[in-house]
1. Going through GLU188, GLU147, GLU171, GLU154 one at a time, which residue ends up being acidic (Asp, Glu), over 33 Å from the mean Cα position of the chain (by Cα) and in the same structural domain as MET120 (by TED's automatic domain parsing)?
2. Which ones in the stretch 140-158 are surrounded by fewer than 15 Cβ atoms within 10 Å (Cβ to Cβ) and in a helix (DSSP H, G or I)?
Amino acid sequence: MPTRLLLEGRDLEELLAKVRDEHGPDAKIVSAEKIRTGGMGGLFGHPKYELTIEVQDSAPSTAPSAPTVATLTIDDLAAMADAAEREGVDEVAFAELIETPPAGFARTIISIASINAVHMSPNRGDYCLSKGGVSMMTRLFALRLAEHGIGVHEIRPGVIRTDMTAPVRDEYQARIDAGLSPIQRWGEPADIGRIGCLILIVTGTIGLRLVTPG
């Protein structure tokens, strides 16, 4: 019964040598794929290769045989990896949108941070830190993607009526009634959705920050 193993690495030649050294020339290459780890939709990710190999641990199988290590070259593996990458429709489509966007198509990334990205809340330090990170990420992405014509924008919700704010609803209602915000009402999730729609019609901008205090 053959056993299948998955090997990962940044270099195809090193992977092939590893297969030869550890499993011998009769190990069969079932597939080779080039993938990206990390990043966002293929951007900022790190490329690496994955080899799926098959090794015999009993009598040889009578099933159709995959190419063995002895019959494959680095060019063969690269061709297999490229073919597998082309089958990854989502990542390829994303790359094509970057290179050749359809006419009139606004490519936009919208991040949802919080007003706590800049307004301190001592009782929620971890939350403030994470939202400050989202805010910086947005600015970095805006600069990095500007050359591709991709707008990166940030929404900073304030006091929004959600499950997260339910435990402090009475406290914030009293503060709203006392003038916390110019419009004395809670922000609603639909307000954030409307702002997102507004951003989507904004073109020709590198980065836009919208604060929605609620």
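1. Selected residue: GLU171, the only one of GLU188, GLU147, GLU171, GLU154 that is acidic (Asp, Glu), over 33 Å from the mean Cα position of the chain (by Cα) and in the same structural domain as MET120 (by TED's automatic domain parsing).
2. Across the stretch 140-158, the qualifying residues are LEU140, LEU143, ARG144, ALA146, GLU147, HIS148.
The values are calculated or read from the model by the stated rules, or taken from the named source; none is laboratory data. For clarity, every value in this text was computed on a predicted model and none was experimentally measured. Cβ atoms come from the backbone with ideal geometry, glycine included; neighbour counts cover every protein chain shown.
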